[in-house]
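Below you'll find the structure I mean.
The values are calculated or read from the model by the stated rules, or taken from the named source; none is laboratory data. Everything numeric here is computed off the predicted structure, so don't read it as measured data. Note: ideal-geometry Cβ built from the backbone for every residue, glycine included; neighbour counts use all protein chains shown. To get the accessible areas, we keep the full protein, side chains included, count just its heavy atoms, and leave off ligands, DNA and RNA. Shrake-Rupley method; radii C 1.70, N 1.55, O 1.52, S 1.80 Å.
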Amino acid sequence: MSQAPAMTRISARFARFLDSDFFFSYRNSPVAIVASFLTVTLILAALFAPFLTPQNPFNPAELNLMDGLTHPMQAGLGSNRVFWLGADEQGRDVFSALLYGSRVSLFVGFASTIFSAFLGVTLGVLAGYFGGRTDALIMRVTDVQLSFPAILVALLVFGVARGVIPPEFQERVALWVMVVALGLANWAQYARTVRASTLVERQKDYVSAARIIGRSPAPIMARHVLPNVAGPVFVIATINLALAILEEATLSFLGAGLPVTQPSLGTLIRFGQQQLFSGEWWILVFPALMLITLALSINLLGDWLRDALDPKIK
Amino acid sequence: MTRSFVKFAAVLMAGTMLAGVAEARSLKWARSGDSLTLDPHAQNEGPTSTLAHQIYEPLVTRKVDGGLEPTLATSWRILPDDPTVWEFKLRQGVKFHNGNPFNADDVVFSVERVMSPTSDFKGLWASVESVKKVDDYTVHIKTKGPNPILIQNMTNTFMMDKEWTTANKAEKVQDFKNKEENFAVRNANGTGAFQLVSREPDVRTVLRRNDAYWGKGKVPLEVSEIVYTPVKADATRIAAMLSGEVDFVQDVPVQDIQRLKSQSGVKVNEGPENRTIFLGMDVGSAELKSSDQKGKNPFADKQVRQAMSMAINRDAIQRVVMRGQSRPTGTIAPPFIDGFTPEMGKPPAYDVAKAKAMLAAAGYPNGFSVTLNCPNDRYLNDEGICQAVVGMLGQIGIKINLVAQSKSIHFPLIQKNPPETQFYLLGWGVPPFDSDYIFTFLYHTREGARGGWNAIGLSDKALDAKIQSLASETDLAKRKATVADIWAKLQDETYYIPLHDQLLAYAMKPEINIPVHPDNTVWIKNVSFK
């Protein structure tokens with residue numbers, strides 16, 4: 001009964017969305033359409049990997065060593081199954097490994113982006129709202145952070161974690177260490193941007209009004225300032241997502257990332273690279289293509305989003 | 001201005017050309033892992049001994065054909081009137097790199113050092129009672145009982161300079177597993193054909209020709225400088241070989257052998273190594289700590305061990321992981337050694353169903369979990385082998401948590417007392433070419449000089465007694481019978497799960513030729529440029 005009005009409301013909103021500048025810009029940008037289609041497809045494929053793949057490459061008991069090094073589109077000697085994209089030297093189906101690998105890559109990308117956005121936005125709003133010493137302190141830390149290459153910060157965090165965490169737990173927490181490492185490496189940009197917008201916003205009348213009626217700083221920042229500075233954060237976050245995925249791949253490629261038992265795209269590329277000279281090209285080429293496609297489509301989407309949300313370009 | 005620039009350029013070019021001439025005689029040698037220490041008595045480990053062989057020398061050396069070659073000793077015999085004494089005549093006129101003469105004092109010192117508690121080679125000298133200087137160039141080694149094969153154990157016992165070692169307070173052998181250091185770990189003073197110039201562990205070690213080498217004229221000695229670089233990543237090592245950046249790669253990854261063979265400008269030499277790769281399991285402890293089976297140790301049950309051995313498809317590992325560069329085996333004794341029989345070498349039939357049934361009969365119908373420790377820079381494709389094992393044992397319900405680490409972290413886990421691993425991969429080479437070496441290091445109770453690499457907690461007094469009797473058995477037929485008897489029991493017990501023997505491949509520039517030695521040792525002094 002009560003669903004009907006809700007439905008109407010949603011469809012009305014949807015109609016409004018279809019009518020908006022934002023959607024107009026989307027409809028008129030073939031790049032954005034292709035990029036978003038690819039991104040959504042890849043995310044869905046990664047999400048539903050267990051239903052789409054013939055084996056779980058994370059589970060060694062499901063691998064058949066006799067399938068090892070099967071060429072693409074050929075049947076493995078052990079399982080007699082056709083391997084679309086071939087198999088690696090452990091009999092791991094490259095197609096399955098790709099989907100599971102991009103799952104790990106996307107998870108690390110999203111989680112670390114959310115973590116760094118949370119950290120950066122919080123610090124940025126605090127700095128912008130309070131100003132003075134708080135601002136100076138936070139911004140100097142940000143400067144220091146920005147003068148380090150992100151990958152170096154991530155390596156540092158990773159190295160410390162490896163020293164502190166006992167070896168038997170390392171494999172279990174590797175994923176989270178990665179998220180924290182990349183999150184800590186990438187928050188500074190958010191802090192800078194959000195601080196600048198906050199400085200502008202806090203001068204505005206609605207903030208003064210809220211202050212005058214006696215609201216304390218925390219709710220003012222969260223309920224009033226934050227929604228008005230969120231726009232640019234989404235743009236940075238989208239571009240950062242692609243960056244985080246690439247950084248994760250770099251770390252894993254260097255061997256400082258995710259372990260053999262939960263390979264990300266970077267780990268798969270590292271394995272593939274070992275076979276570089278022996279002619280088994282499919283172990284390297286497919287994960288590399290996957291990584292490029294994923295990063296490129298998210299990046300293009302981010303670029304378009306930046307243009308679409310930028311009032312100056314319109 | 002211009003003229004001075006031209007002069008400068010000319011000098012620069014001349015300099016480069018000169019460097020080019022000198023460069024031609026330098027040999028850049030790459031391998032996946034580094035020597036663990038320069039202290040020649042601290043680690044009984046292949047790559048460590050191989051580098052040491054360039055700098056230090058033993059009394060006798062193993063030749064490529066398996067025979068013995070006089071090195072710092074010129075002749076030896078068992079005294080006719082006392083079968084427990086070996087007499088060695090030493091080479092005269094030999095000098096250490098620092099100029100000190102080599103004599104009997106150094107031999108007595110080195111042998112006593114190698115027999116000391118922290119030495120990793122002491123097991124080879126377990127039958128020796130004392131060593132005595134007779135005159136400057138004669139040494140008597142007295143064994144506890146007659147030991148006709150003692151000489152076979154001496155090919156990796158390096159001679160150090162007594163004066164240099166004591167002056168630098170390095171008399172005590174480095175306790176590697178407990179991360180000790182001494183002067184001899186980063187410095188060296190041997191009698192060998194090359195002397196140490198610089199050493200950066202895991203980065204680069206530079207050696208230069210010893211122009212006062214006693215063997216000058218007997219060996220080519222054409223290489224003037226060795227640059228030894230560990231390169232862990234397979235593809236990087238091979239890329240360096242293909243681009244000519246290195247002259248010699250001692251461990252060609254199995255996946256690259258075919259490619260290198262077809263490449264002009266690279267020569268590949270192949271040969272079997274006197275080494276078996278196997279899995280060790282803690283059979284002695286009451287509990288398997290890394291397992292979900294609390295208060296129990298599945299490995300203590302022979303049926304479990306046999307089931308595990310049966311569940312491993314060695315042919316698949318040979319075909320896929322090793323790409324043919326291995327020979328599946330049913331024993332941890334390589335075919336080179338005395339005491340090996342073809343029946344022992346036959347691997348158990350691969351039978352998953354039977355293995356499952358045996359595991360169920362032993363009380364583990366749902367298997368159990370355990371951590372497997374594995375090196376990732378020591379043996380051919382070691383990590384790949386471990387991954388394959390994880391998959392295969394997973395098929396009979398044994399859930400394995402794989403921990404693959406560098407050998408410098410992996411080996412101490414095995415050598416510590418008590419060992420810090422209960423399930424591990426190891427490869428055991430047999431430089432003395434005799435079963436006794438395997439028994440003494442891997443099966444004898446860990447006590448005194450013996451059992452140094454027995455990390456499986458095996459302690460069988462009856463077996464120990466038999467092993468000890470070998471050292472003083474002069475009747476060769478009787479000795480053979482005892483060896484066969486010991487193997488029969490060990491084969492049945494499956495204390496270790498044998499996987500395969502390695503087949504090695506070396507890659508090098510076509511103008512040099514380095515043969516594959518069964519011990520995987522090379523002597524750069526023998527290298528000549530065509």
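Suppose we filter B:Arg113, B:Arg209, B:Arg199 for residues that are of a type outside the set (Ser, Thr, Tyr), within 25 Å of B:Gly452 (Cβ to Cβ) and buried (at least 16 other Cβ atoms within 10 Å of the Cβ); which single one remains?
Details: B:Arg209 fails: within 25 Å of B:Gly452 (Cβ to Cβ); B:Arg199 fails: within 25 Å of B:Gly452 (Cβ to Cβ).
Only one candidate qualifies: B:Arg113.
Shifting gears a bit: Give the residue, chosen from B:Val370, B:Val352, that is more than 23 Å from the chain's Cα centre (by Cα), within 14 Å of another protein chain (Cβ to nearest Cβ) and surrounded by 22 or more Cβ atoms within 10 Å (Cβ to Cβ). Steps first, answer last, please.
Working: B:Val352 fails: surrounded by 22 or more Cβ atoms within 10 Å (Cβ to Cβ).
Among B:Val370, B:Val352, only B:Val370 is more than 23 Å from the chain's Cα centre (by Cα), within 14 Å of another protein chain (Cβ to nearest Cβ) and surrounded by 22 or more Cβ atoms within 10 Å (Cβ to Cβ).
Now, a different point. Going through the stretch B:316-337 one residue at a time, which ones are of a type in the set (S, T, N, Q) and assigned to a strand (DSSP E or B)? Walk me through it before giving the result.
Let us first name the residues in the stretch B:316-337 that are of a type in the set (S, T, N, Q), namely B:318, B:325-326, B:329, B:331.
Hit for the stretch B:316-337 is B:Ser326, nothing else.
With more than 21 Å from B:Lys399 (Cα to Cα), in contact with a Lys or Arg (Cβ under 9 Å, 6 or more places away or on another chain) and open to solvent by less than 70 Å² (accessible area, probe 1.4 Å) as the only criterion, which of A:Ala49, A:Ala87 stands out?
Working: A:Ala87 fails: in contact with a Lys or Arg (Cβ under 9 Å, 6 or more places away or on another chain).
Sole residue among the options that is more than 21 Å from B:Lys399 (Cα to Cα), in contact with a Lys or Arg (Cβ under 9 Å, 6 or more places away or on another chain) and open to solvent by less than 70 Å² (accessible area, probe 1.4 Å): A:Ala49.
Is there any pair with a first residue in the stretch B:508-530 that is of a type in the set (Gly, Ala, Ser) and a second that is open to solvent by 40 Å² or more (accessible area, probe 1.4 Å) whose Cβ atoms are under 6 Å apart and which are 6 or more apart or on different chains, and what are they?
Cβ pairs passing all conditions: B:Ser528/B:Pro220; B:Ser528/B:Glu222.
Let me ask another. In this structure, does B:Ser262 turn out to be within 14 Å of chain A (Cβ to nearest Cβ), of a type in the set (S, T, N, Q) and surrounded by fewer than 20 Cβ atoms within 10 Å (Cβ to Cβ)?
On the way: within 14 Å of chain A (Cβ to nearest Cβ): yes; of a type in the set (S, T, N, Q): yes; surrounded by fewer than 20 Cβ atoms within 10 Å (Cβ to Cβ): yes.
So B:Ser262 passes the test.
How do the pairs read when you match residues in the stretch A:23-45 that are touching a residue at least 40 places away in the same chain (Cβ under 8 Å) and over 10 Å from A:Leu301 (Cβ atoms) with residues anywhere that are assigned to a helix (DSSP H, G or I) and open to solvent by 80 Å² or more (accessible area, probe 1.4 Å), using Cβ under 9 Å and keeping only pairs 6 or more apart or on different chains?
Matching pairs, first to second residue: A:Ala45/A:Leu52; A:Ala45/A:Arg103.
Can you pull out every residue in the stretch B:80-99 that is open to solvent by less than 30 Å² (accessible area, probe 1.4 Å) and not in a strand (DSSP E or B)?
If we filter the stretch B:80-99 for residues that are open to solvent by less than 30 Å² (accessible area, probe 1.4 Å), which is where we start, we get B:84-88, B:90, B:94, B:96.
Those that are open to solvent by less than 30 Å² (accessible area, probe 1.4 Å) and not in a strand (DSSP E or B): B:Thr84, B:Val94, B:Phe96.
Tell me which of these B:Arg479 doesn't satisfy, since it passes every other one: (1) basic (Lys, Arg); (2) part of a loop (DSSP other than H, G, I, E, B); (3) surrounded by 14 or more Cβ atoms within 10 Å (Cβ to Cβ).
For B:Arg479, the exception is condition (2).
Further, regarding this structure: Please work out which one of (1) touching a Leu at 6+ places or on another chain (Cβ under 8 Å); (2) at pLDDT 90 or above is the condition A:Ala256 fails and give its number.
So the condition that A:Ala256 fails would be (2).
Kindly evaluate A:Phe14 against the criterion of being open to solvent by 40 Å² or more (accessible area, probe 1.4 Å) and of a type in the set (Phe, Trp, Tyr).
Working: open to solvent by 40 Å² or more (accessible area, probe 1.4 Å): yes; of a type in the set (Phe, Trp, Tyr): yes.
Yes: the conditions hold for A:Phe14.
What are the pairs, 6+ residues apart or on separate chains, where a residue within the stretch A:269-292 that is more than 14 Å from every other protein chain (Cβ to nearest Cβ) has its Cβ under 7 Å from a residue that is part of a loop (DSSP other than H, G, I, E, B)?
A:Phe286/A:Leu85
For the stretch B:373-464, give me every one of the helices (runs of 4 or more DSSP H) that falls completely inside it and has 2 or more residues that are aliphatic (A, V, I, L, M) and over 25 Å from B:Asn520 (Cβ atoms). Before the answer, list the steps.
Values: elements: B:382-394, B:407-415, B:435-438.
It comes to B:382-394.
Quick one: is A:Val153 more than 14 Å from chain B (Cβ to nearest Cβ), within 27 Å of A:Thr39 (Cβ to Cβ) and out of contact with any Phe, Trp or Tyr (no Cβ under 7 Å at 6 or more places or on another chain)?
Working: more than 14 Å from chain B (Cβ to nearest Cβ): yes; within 27 Å of A:Thr39 (Cβ to Cβ): yes; out of contact with any Phe, Trp or Tyr (no Cβ under 7 Å at 6 or more places or on another chain): yes.
When the stated conditions are applied, A:Val153 passes them.
Let me ask something else about it. In the stretch B:495-503, is there at least one residue being closer than 30 Å to B:Glu245 by Cβ and not small (Gly, Ala, Ser)? Give the steps one after another, and end with the answer.
Initially, the stretch B:495-503 is screened for residues closer than 30 Å to B:Glu245 by Cβ, giving B:502-503.
After this cut, where a residue has to be not small (Gly, Ala, Ser) as well, the list is B:502-503.
Yes: the stretch B:495-503 contains one or more residues that are closer than 30 Å to B:Glu245 by Cβ and not small (Gly, Ala, Ser).
Right, here's the next one. Scan the stretch B:266-282 and give yes if some residue there is over 23 Å from the mean Cα position of the chain (by Cα) and in contact (Cβ under 8 Å) with a residue 60 or more places away in the chain, otherwise no.
Here is the first cut: in the stretch B:266-282, the ones over 23 Å from the mean Cα position of the chain (by Cα) are B:266-267.
From what's left, in contact (Cβ under 8 Å) with a residue 60 or more places away in the chain: B:266-267.
Yes, some residue in the stretch B:266-282 is over 23 Å from the mean Cα position of the chain (by Cα) and in contact (Cβ under 8 Å) with a residue 60 or more places away in the chain.
Also, quick follow-up: Restricting to helices (runs of 4 or more DSSP H) lying wholly in the stretch A:1-100: which have 2 or more residues that are more than 14 Å from chain B (Cβ to nearest Cβ) and within 30 Å of B:Met392 (Cα to Cα)? Break it down stepwise before answering.
On the way: elements: A:3-19, A:21-27, A:30-47, A:49-52.
It comes to A:30-47, A:49-52.
Please tell me if A:Gly183 is away from every other protein chain (no Cβ under 14 Å), open to solvent by less than 60 Å² (accessible area, probe 1.4 Å), more than 18 Å from the chain's Cα centre (by Cα) and under 28 Å from A:Phe58 (Cα atoms).
Answer is no for this residue.
Tell me which of these B:Thr50 doesn't satisfy, since it passes every other one: (1) open to solvent by 50 Å² or more (accessible area, probe 1.4 Å); (2) modelled with pLDDT of 95 or more.
(1) is the only condition that B:Thr50 fails.
Something else: Could we say that A:Leu106 is at pLDDT 90 or above and either among the hydrophobic types (A, V, I, L, M, F, W, C) or not in a helix (DSSP H, G or I) (or both) here?
Working: at pLDDT 90 or above: yes; either among the hydrophobic types (A, V, I, L, M, F, W, C) or not in a helix (DSSP H, G or I) (or both): yes.
Here the answer is yes, as A:Leu106 does meet what is asked.
Test of understanding: among A:Phe148, A:Phe130, which residue is open to solvent by 50 Å² or more (accessible area, probe 1.4 Å) and either within 26 Å of the chain's Cα centre (by Cα) or among the hydroxyl-bearing types (Ser, Thr, Tyr) (or both)? Quick ask: steps written out before the conclusion?
On the way: A:Phe130 fails: either within 26 Å of the chain's Cα centre (by Cα) or among the hydroxyl-bearing types (Ser, Thr, Tyr) (or both).
The match here is A:Phe148.
Let me ask something else. Looking only at the stretch B:427-452, count every residue that is closer than 23 Å to B:Lys407 by Cα and free of Cβ contacts under 8 Å to residues at least 40 places away in the same chain and tell me the total.
1
Against the condition at the interface with chain A (Cβ under 10 Å from one of its Cβ atoms), among the aliphatic types (A, V, I, L, M), touching a residue at least 24 places away in the same chain (Cβ under 8 Å) and not in a loop (DSSP other than H, G, I, E, B), how does B:Ile257 come out, does it pass?
Details: at the interface with chain A (Cβ under 10 Å from one of its Cβ atoms): yes; among the aliphatic types (A, V, I, L, M): yes; touching a residue at least 24 places away in the same chain (Cβ under 8 Å): yes; not in a loop (DSSP other than H, G, I, E, B): yes.
Judged against the criteria, B:Ile257 is a match.
Look through the stretch B:408-457, keep the residues that are aliphatic (A, V, I, L, M) and buried (at least 23 other Cβ atoms within 10 Å of the Cβ), and return whichever of them is farthest from B:Val483 (Cα to Cα).
Kept after step one, since they are aliphatic (A, V, I, L, M), are these residues of the stretch B:408-457: B:409, B:413-414, B:425-426, B:430, B:438, B:442, B:449, B:455-456.
Keeping just the survivors that are buried (at least 23 other Cβ atoms within 10 Å of the Cβ) gives B:425-426, B:430, B:438, B:442, B:455-456.
Working: B:Leu425: 25, B:Leu426: 23, B:Val430: 15, B:Ile438: 11, B:Leu442: 15, B:Ala455: 22, B:Ile456: 21 Å.
Ranking the qualifying residues of the stretch B:408-457, first place goes to B:Leu425.
Quick check, is B:Arg305 modelled with pLDDT of 95 or more, open to solvent by 10 Å² or more (accessible area, probe 1.4 Å) and more than 14 Å from chain A (Cβ to nearest Cβ)?
On the way: modelled with pLDDT of 95 or more: yes; open to solvent by 10 Å² or more (accessible area, probe 1.4 Å): no; more than 14 Å from chain A (Cβ to nearest Cβ): yes.
Taking the combined requirement at face value, the residue does not satisfy it.
Report the residue count in the stretch B:187-238 for those that are among the small types (Gly, Ala, Ser), part of a loop (DSSP other than H, G, I, E, B), away from chain A (no Cβ under 14 Å) and at negative phi.
So in the stretch B:187-238, the residues among the small types (Gly, Ala, Ser) come out as B:188, B:190, B:192-193, B:198, B:212, B:215, B:217, B:224, B:233, B:235.
Those still in the list that are part of a loop (DSSP other than H, G, I, E, B) too: B:188, B:190, B:192-193, B:212, B:215, B:217, B:224, B:233.
Keeping just the survivors that are away from chain A (no Cβ under 14 Å) gives B:188, B:190, B:192-193, B:212, B:215, B:217, B:224.
Now drop any that are not at negative phi, which leaves B:188, B:190, B:192-193, B:212, B:215, B:224.
Residues meeting the conditions: 7.
Then there is this: Looking at B:Gly391, B:Gly397, B:Gly384 in this structure, which one is at the interface with chain A (Cβ under 10 Å from one of its Cβ atoms), buried (at least 17 other Cβ atoms within 10 Å of the Cβ), of a type in the set (Gly, Ala, Ser) and free of Cβ contacts under 8 Å to residues at least 12 places away in the same chain? Before the answer, list the steps.
Values: B:Gly397 fails: free of Cβ contacts under 8 Å to residues at least 12 places away in the same chain; B:Gly384 fails: free of Cβ contacts under 8 Å to residues at least 12 places away in the same chain.
Only one candidate qualifies: B:Gly391.
Restricting attention to the stretch B:119-147, which residues are part of a loop (DSSP other than H, G, I, E, B) and either open to solvent by less than 30 Å² (accessible area, probe 1.4 Å) or touching a strand residue (DSSP E or B) at 6+ places or on another chain (Cβ under 7 Å) (or both)? If you could, list the steps in order and put the result at the bottom.
Keep residues of the stretch B:119-147 that are part of a loop (DSSP other than H, G, I, E, B), which gives B:119-121, B:126-127, B:136-137, B:144-147.
B:Ser119, B:Asp120, B:Phe121, B:Ala126, B:Ser127, B:Tyr137, B:Lys144, B:Gly145, B:Asn147 - these are the residues of the stretch B:119-147 that are part of a loop (DSSP other than H, G, I, E, B) and either open to solvent by less than 30 Å² (accessible area, probe 1.4 Å) or touching a strand residue (DSSP E or B) at 6+ places or on another chain (Cβ under 7 Å) (or both).
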